[in-house]
Amino acid sequence: MKDSQEFYEGMGLKFLDPQNETEGIREYLKLEEEFVLRTFKGVDSVLDVGCGEGRYLRKLAPIVGKITGIDFAEQLVDLAKKSTANFSNVTTLLGRAEHLPTLVEETFTYALLAWNTIGNIPQELHQCIFDNLAKLVDEKIFISTFQCSPEVMDERLRYYAKTGFKVENIDGNQVILEGGLHCANAYPLSYFQELLESRGFSMKTYDFGFVGVMIEGTKTSI
Ligand SMILES: C[S@@+](CC[C@H](N)C(=O)[O-])C[C@H]1O[C@@H](n2cnc3c(N)ncnc32)[C@H](O)[C@@H]1O
């Protein structure tokens, strides 16, 4: 699976534009946001992995101690930096999730991977990224992603049609868009359970309508 850096340096902004949302996607993202604002209130420090143009940096800065966003798309990091310039507790870094230990020195109370960021990252990098998170996160990792079902795939395809992205191929839960510039994947919950439990995290899930799910990993060992 190719990574989506080139895609997010250009046309990928369409994924961050609410005008393109279908009903199921809108419900997923609304429930995700309500959950994040409720659950992260008062948390000391947050790492937002794949922070995009800074949606959650702006929303969480007023209610958490401090928040650091990292993303590998320069145009999105620039937007995130500009739109959070008035918050003294926000840091935005250009870099890759797989290189996190070289980008940050401190640990974080919570980490967030919102809006299927995990499904945008090639699967061969997941082990390394979860190793990084296990070291950098003190309490909880939150991963918001698509559920896996034929109904969700239909909704995703309606959404991709609305954004105007060309679907090249569908392979299981993976949709390949725009000549392979972007691959959006989804994984069964058992996959995340293994990634989390093998690193000393227990797992709980919260459905966001029929489309999305939040996976909450809680550190049980140090
Ligand atoms: C679907 S967007 C979600 C953006 C943001 N989390 C939100 O909820 O609005 C996925 C983001 O992950 C970033 N991304 C994908 N792979 C990455 C990687 N390996 N390291 C850092 N960022 C990555 C993309 O640039 C993009 O901004």
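The values are calculated or read from the model by the stated rules, or taken from the named source; none is laboratory data. From a predicted model like this one, the values you see are computed outputs, not experimental measurements. In this analysis, Cβ positions are derived from the backbone assuming ideal geometry, glycine residues included, and neighbour counts consider all displayed protein chains.
Here is a yes/no grid of residues against (1) touching a Gly at 6+ places or on another chain (Cβ under 7 Å); (2) assigned to a strand (DSSP E or B):
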site	(1), (2)
Leu157	no, no
Tyr160	no, no
Ile176	no, yes
Cys183	no, yes
Tyr187	no, no
Gln193	no, no
Phe210	yes, no
Gly217	no, yes
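Out of the residues in the stretch 89-107 that are in a loop (DSSP other than H, G, I, E, B) and away from the ligand (no atom under 14 Å from the Cβ), which is surrounded by the most Cβ atoms within 10 Å (Cβ to Cβ)? Spell out how you get there, then give the answer.
Of the stretch 89-107, the ones in a loop (DSSP other than H, G, I, E, B) are 89, 95-96, 104-107.
Those still in the list that are away from the ligand (no atom under 14 Å from the Cβ) too: 89, 105-107.
Values: Asn89: 16, Glu105: 7, Glu106: 10, Thr107: 13.
Residue satisfying both the conditions and the ranking: Asn89.
Okay, residues lined up against (1) touching a residue at least 12 places away in the same chain (Cβ under 8 Å); (2) within 11 Å of the ligand (Cβ to nearest atom); (3) assigned to a helix (DSSP H, G or I):
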| site | (1), (2), (3) |
| --- | --- |
| Asp3 | yes, yes, no |
| Leu13 | yes, yes, yes |
| Arg26 | no, no, yes |
| Glu32 | yes, yes, yes |
| Val36 | yes, yes, yes |
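For the stretch 38-56, what are the residues that are of a type in the set (A, V, I, L, M, F, W, C) and part of a helix (DSSP H, G or I)?
Within the stretch 38-56, Phe40 is the sole residue that qualifies.
In the stretch 57-76, is there at least one residue being small (Gly, Ala, Ser) and assigned to a helix (DSSP H, G or I)? No, there is no match, as no residue in the stretch 57-76 is small (Gly, Ala, Ser) and assigned to a helix (DSSP H, G or I).
Annotation: of all residues in the stretch 1-42 being at pLDDT 95 or above and touching a Gly at 6+ places or on another chain (Cβ under 7 Å), the one that is surrounded by the most Cβ atoms within 10 Å (Cβ to Cβ) is Tyr28. One residue stands out among those in the stretch 152-169 that are within 21 Å of the chain's Cα centre (by Cα) and of a type in the set (A, V, I, L, M): the one that is surrounded by the most Cβ atoms within 10 Å (Cβ to Cβ), which is Val152. Restricting attention to the stretch 108-129, the residues that are within 13 Å of the ligand (Cβ to nearest atom) and either without any contact (Cβ under 8 Å) to a residue 24 or more places away in the chain or not polar (S, T, N, Q) (or both) add up to 14.
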